[in-house]
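The values are calculated or read from the model by the stated rules, or taken from the named source; none is laboratory data. From a predicted model like this one, the values you see are computed outputs, not experimental measurements. Every residue, glycine among them, receives a Cβ derived from its backbone with ideal geometry; neighbour counts consider all protein chains shown. Side chains included, ligands, DNA and RNA excluded: accessible areas come from the protein's heavy atoms. Shrake-Rupley method; radii C 1.70, N 1.55, O 1.52, S 1.80 Å.
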Amino acid sequence: MKRTNYCGDVTASLLGTKQTLCGWVNSYRNHGGVLFIDLRDRSGICQVVVEPSKPFFNVASAVRNEYVLQVTGTVQRRIEGAVNKNMKTGEIEVVADEFKVLNTSIPLPFDVDNSRAVAEEIRLKYRYLDLRNPKMFANLLLRHRIAQAARRYLDANGFLEVETPILTRSTPEGARDYLVPSRVHHGEFYALPQSPQMFKQTLMASGIDRYFQLARCFRDEDLRADRQPEHTQIDMEMSFVTIDDIHEIVEGLMKEIFKTAGKELKTPFPKLSFHDAMEKYGSDKPDLRYTLEMKNVNEIFKNTGFKVFKDILTANGAIRALRGEKGAAYSRGHLDKLTELVKKNGAKGLVWIKVKDGKFEGPSAKFFTEEELKAVQSAVCAQDGDIIFIGSDVKLHTCQIFMGALRKELVKELPQVSDWAFVWITNFPLLEYIPEEDRWDAAHNPFTAPLEEDLPNLEKDPASIRSYQFDLVLNGNELASGSVRNCRREVQERILALMKHSKEEAARRFGMLLNALEAGAPPHGGIGLGLDRITALLAGEESIREVIAFPKTAQAVCPLTESPNTVDDIQLKELGISITKE
Ligand code: ASP
């Protein structure tokens with residue numbers, strides 16, 4: 001090795017020893033003829049001192065930021081006033097005896113230290129510099145540790161790591177496919193997998209019993225702030241398991257993963273049905289760091305004189321209320337903003353009533369009786385100084401969604417009851433109706449099994465069928481989705497038929513899986529956990545781009561490689577593709 005130690009590991013225990021360090025010039029200063037260079041590598045920074053008497057003093061004086069150096073010198077204690085207690089290497093410095101410039105650097109577009117404050121396009125264009133920032137290295141290190149913890153844990157629990165093809169055919173997860181044209185088979189395309197779903201289920205039919213993979217999933221979805229065209233899942237599948245078995249394995253996995261970040265988790269995680277999650281929190285990914293719950297107040301208004309509520313109840317609609325702690329102090333402007341927020345989420349309006357000095361105040365208060373208002377106050381446990389929000393809609397789901405959006409806003413003001421609030425959301429509906437196409441679609445993926453007791457009603461009342469799908473939610477983020485699958489071809493075909501796939505089409509698109517199911521596939525189920533999101537949460541990052549080495553922008557562009565991009569005419573010709581003007 002060209003070095004004896006990492007820069008960040010040279011501490012007072014090495015005083016008096018000779019060390020050779022290699023790294024980048026983080027900064028340099030000339031203090032009255034003595035040169036100080038902060039030398040950086042992935043482990044941290046070490047201060048190098050170059051005395052003016054040294055033959056290499058002129059060479060050292062000419063170094064600039066990000067030059068690459070090799071320095072040999074003696075570790076000595078810094079003078080009292082120069083000790084930096086906040087740095088691991090803050091007590092020492094290395095007095096250079098030998099000094100070599102291994103490479104120079106052009107002046108760079110930004111300081112590595114400040115890279116995270118630079119516009120993201122620029123950071124991504126110069127990602128090789130951005131990744132020199134210590135926080136970015138820490139993020140990649142954490143990701144590596146999480147991946148290794150997952151591998152160790154899953155190996156110890158009998159899971160086999162099996163790679164599945166990247167060039168394959170469409171595997172539906174609700175997004176568009178990325179297509180790859182075949183040169184050899186003119187006019188034909190591979191699809192990049194949206195997930196290894198069909199392969200992992202096929203592996204169960206093969207008797208592999210327990211599979212995992214750190215799998216790249218490719219989904220051509222509409223652009224959204226924190227979405228990536230490709231993301232990584234800790235993808236798992238198991239045979240002869242119940243939902244509880246899957247949950248237990250994943251809880252153990254999360255425990256191990258959190259341990260790598262120095263955090264202890266309590267298991268088992270609580271479970272909440274989709275129905276209850278929507279009813280209490282207005283979301284299928286509720287943030288349970290906060291206890292605030294929505295209340296069903298239909299009953300309270302059953303004889304109301306307020307026409308809006310009366311009509312809604314006659315139409316079998318929903319009225320839901322939320323407590324706004326200390327909200328009596330909210331300004332009109334703030335309340336207008338909250339009303340705007342619910343309207344953006346589907347509401348026609350929002351009723352609010354302040355509880356002030358034992359009285360109810362607000363433009364709508366006069367529409368209600370004292371008895372009604374007292375009953376709502378008690379339902380949401382509002383105190384003096386609070387505000388009560390009441391939302392209503394003829395559609396229960398709409399009401400839940402906009403009140404859920406309001407809850408999300410209100411909790412920002414509330415204390416957290418825990419740092420890491422995990423919850424399993426279970427019993428999702430199996431299907432959702434697509435009115436424009438007059439057909440049913442899978443709420444998750446088409447391979448999820450209906451609850452055994454709901455199966456007889458599959459064709460009679462598809463909307464009512466609950467499934468064995470579950471999500472793992474952490475602090476309001478969906479971390480994972482999984483399910484127990486259809487292991488019988490006949491049931492799978494009935495579901496595909498509701499989705500309006502004819503038998504022929506089903507065989508064409510999902511033939512591999514359907515064939516495997518009818519050849520003695522065991523009962524099985526699995527889950528895919530979002531590695532990017534888990535890492536981002538543990539790293540304290542808002543965006544998953546901060547924990548992916550080479551991410552794309554929110555516009556699905558990679559400024560570093562300038563992809564996507566045009567290709568040479570000859571390549572197009574070989575593929576038989578011609579580009580039409582938009
Ligand atoms: N394939 C699913 C997904 O990507 C995960 C699973 O059900 O295992 O969401």
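Looking across 482, 540, 528, one residue alone is at pLDDT 95 or above, open to solvent by 30 Å² or more (accessible area, probe 1.4 Å) and either closer than 30 Å to residue 267 by Cα or within 16 Å of the ligand (Cβ to nearest atom) (or both). It is 540.
Taking residues in region 471-483 that are within 14 Å of residue 277 (Cβ to Cβ), and partners anywhere that are more than 11 Å from the ligand (Cβ to nearest atom) and among the β-branched types (Val, Ile, Thr), the pairs with Cβ atoms closer than 6 Å and at least 6 places apart or on different chains are 471/425; 473/423; 473/425.
If the condition is being hydroxyl-bearing (Ser, Thr, Tyr) and assigned to a loop (DSSP other than H, G, I, E, B), then region 545-580 contributes 553, 561, 566, 578, 580. From the list 210, 224, the lone residue that is in contact (Cβ under 8 Å) with a residue 24 or more places away in the chain and over 30 Å from residue 487 (Cβ atoms) is 224.
Would you kindly identify the strands (runs of 3 or more DSSP E) lying entirely within region 42-117 that contain at least 3 residues that are open to solvent by 20 Å² or more (accessible area, probe 1.4 Å), over 16 Å from residue 129 (Cβ atoms) and not aliphatic (A, V, I, L, M)? Working first, answer last.
Working: elements: 44-50, 68-77, 92-103.
In region 42-117, 68-77, 92-103 are the strands (runs of 3 or more DSSP E) which contain 3 or more residues that are open to solvent by 20 Å² or more (accessible area, probe 1.4 Å), over 16 Å from residue 129 (Cβ atoms) and not aliphatic (A, V, I, L, M).
Of the numbered criteria (1) over 30 Å from residue 337 (Cβ atoms); (2) open to solvent by 40 Å² or more (accessible area, probe 1.4 Å); (3) of a type outside the set (Phe, Trp, Tyr), the one residue 396 fails is (1).
Consider region 226-279 and keep the residues that are farther than 25 Å from residue 522 by Cβ, within 16 Å of the ligand (Cβ to nearest atom) and part of a loop (DSSP other than H, G, I, E, B). The one that is most open to solvent (accessible area, probe 1.4 Å) is 227. Within region 48-62, residues that are within 17 Å of residue 21 (Cα to Cα) reach no partner that is open to solvent by 80 Å² or more (accessible area, probe 1.4 Å) with beta carbons closer than 6 Å at six or more positions or on different chains.
Any chance you could count how many residues in region 464-478 are open to solvent by less than 60 Å² (accessible area, probe 1.4 Å) and either more than 12 Å from the ligand (Cβ to nearest atom) or among the β-branched types (Val, Ile, Thr) (or both)? Within region 464-478, residues that are open to solvent by less than 60 Å² (accessible area, probe 1.4 Å) and either more than 12 Å from the ligand (Cβ to nearest atom) or among the β-branched types (Val, Ile, Thr) (or both) number 7. For residue 454, the conditions (1) more than 16 Å from the ligand (Cβ to nearest atom); (2) out of contact with any helix residue (DSSP H, G or I) (no Cβ under 6 Å at 6 or more places or on another chain); (3) part of a strand (DSSP E or B) all hold with the exception of (3).
Here the strands (runs of 3 or more DSSP E) wholly within region 125-225 that include at least 1 residues being modelled with pLDDT of 95 or more and away from the ligand (no atom under 16 Å from the Cβ) are 179-181, 189-191.
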